[in-house]
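See structure below.
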Amino acid sequence: MKNLLVAQSGGPTAAINATLTGIIEKALDSPLIDKIFGARYGIQGVLQENFTELSAINGIHDILDALSVTPAAALGSCRYKLQDPEKDSSEFQKIIEIFQKHNIGYFIYIGGNDSMDTVWKLSLYIKSHDIKDIVVVGAPKTIDNDLFGIDHCPGFGSAAKYIATTVSELERELEVYDTPYVIVVEMMGRNAGWLTAAAALAEGANSNVPYLVYLEEHPFDINEFLSDVRGQLSICNNLIVAISEGIRDKSGKMICDYTDRDQSRDAFGHTIATGAGRVLENSIRSNIGCKVRYIELNLLQRCAGHLLSETDITESMELGRNAVKLAVEGENGVMSTLTRVPGDTYKVVYGSADISQIADREKKVPEEWITSEGNGVTQEMIDYLTPLIQGEISCKYENGIPKYIVF
């Protein structure tokens, strides 16, 4: 028998530990797996041999239910980019030596685009060196919902539910006053607008407050935006404006770059895109003069364990179980995935996708799911999103405070 190693990487989500739970459950039941190790802090923890033997934790079965609804990453995470193995293979050689030292035959890496890049590089190294007894499998994770090879990503459904709920609650703030009032809400989504689109789910559910929704995929023009706002305020005193943090003008310049901001980059070269909402708030105040507030959801939308989508948590756990199944079947260099079954009733099936078709790619919102004016989404988008936020589930509580699992 071989041992299994699992690690988490990238930004936290409300469902990444649900995937970890599914992996642990399936691995504990597998006759082909002996010990289950967790690497602390992603691939960095692998390189440092910073392992926790999960299968040896006292009462591991008893904590899995709470772990599945614990947000963020119980094993810790990282943003570490492995070197190009064709230029420097030393890290890959070291990882394989560590795997062999600990009798690890299965490595499952939970993460988003950058993590799948790690899975791809490592699986290629294994194949090119004809290593037969080590399998690397990716398990998807990202609230951005921008991974190829999967209908929707674990963590996205819960983040979408949080966003739709939040803007619904902001409507209550708006309706208190009888004077013109605009709230601009900025969501994560540097290069994809899926999260922002989720705000549209709340429109019309509890009030007649109109929404303007601007996604990263459609060129943004401030003058057209101001015209949109004026048009809505001529009909209704109140207005919700939802924007992606990465909205850009026709030249490709980010709206957040209209003012000075932090230009530092992470290990994968990504800048922090934030502040577009502040630009729009100031523009509304200067040009229209009504009451306006800017709210940046920022980190809040990805670790809200008190408001989870049951669909999201259930599917995330199953994707973890499926990743173990793929690993023990010897499917090296694939990602655990799900596909939506066409039909009137929502249903998915689980399978695998070649990691080479996923790494270093981003799935954008289809242009046809954005209104021609660029200030809203179509019914096709609503139909896509609605099943993903169904069902309510929450983290565990102790003395009135959330009780989370930490290894």
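Values in this text are rule-based calculations from the coordinates and carry no lab data. Treat the numbers as computed from the prediction; the structure is a model and nothing was measured. Because the Cβ atoms are built from the backbone with ideal geometry, glycine has one as well, and the counts that use them run over all protein chains shown.
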Practice task
Please build a GNM for the chain, connecting alpha carbons under 10 Å apart, and tell me which residue among Arg172, Arg79, Arg40 fluctuates the most.
Solution key: Arg172
Practice task
Sort Leu308, Leu215 so that the residue with the fewest other Cβ atoms within 10 Å of its own Cβ comes first and the one with the most comes last.
Solution key: Leu308, Leu215
Fill in the blank from the handout: Lys and Arg at +1, Asp and Glu at -1: neighbours of Val182 with Cβ under 14 Å from its Cβ sum to -1
Exercise for the section: Using only Cα atoms, find the angle between the long axis of helix 310-328 and the longest principal axis of the chain, and express it within 0 to 90 degrees, rounded to the nearest 10. Expected result: 30 degrees
Problem - Among Asp257, Asp130, Asp151, residue whose mean-square fluctuation peaks in a GNM of the chain (springs only between Cα atoms under 10 Å) - result: Asp130
Practice task
Determine the calculated [θ] at 222 nm for the chain from helices alone, applying -39500 (n - 2.57) to every DSSP H run no shorter than 4 residues and normalising by the residue count; nearest 500 deg cm²/dmol.
Solution key: -10000 deg cm²/dmol
Handout entry: Semi-axis lengths (Å, descending) of the ellipsoid that matches the C-alpha gyration tensor of the chain
Key = 40, 22, 18
Fill in the blank from the handout: Volume per residue (Å³) of the convex hull spanned by the alpha carbons of region 293-385 is 176 Å³
Exercise for the section: Determine the relative contact order of region 1-147: mean sequence separation of Cα pairs under 8 Å and six or more apart, normalised by residue count, in whole percent. Expected result: 32 percent
Problem - Cβ charges +1 (Lys, Arg) and -1 (Asp, Glu), total dipole of region 156-302, debye - result: 140 debye
Completion exercise
Using alpha-carbon positions, the gyration tensor of region 156-302 gives root eigenvalues a ≥ b ≥ c; with a/c under 1.5 called rounded, otherwise prolate if a/b exceeds b/c, else oblate, the class is oblate
Fill in the blank from the handout: Expected max-MSF residue from Gly111, Gly155, Gly391 in the GNM of the chain (alpha carbon, under 10 Å) is Gly391
Problem - Antiparallel DSSP beta bridges within the chain, percent to nearest 5 - result: 35 percent
Exercise for the section: Filter the GluC sites (Glu not before Pro) in region 319-395 down to the DSSP loop ones having no more than 14 other Cβ atoms within 10 Å, then list what survives. Expected result: Glu329, Glu362, Glu373
Practice task
State, as an integer percentage, the relative contact order of region 156-302 based on alpha-carbon contacts under 8 Å between residues 6 or more apart.
Solution key: 31 percent
Exercise for the section: Going by C-beta contacts inside 10 Å, put Ile288, Ile358, Ile33 in order with the fewest on the left. Expected result: Ile288, Ile33, Ile358
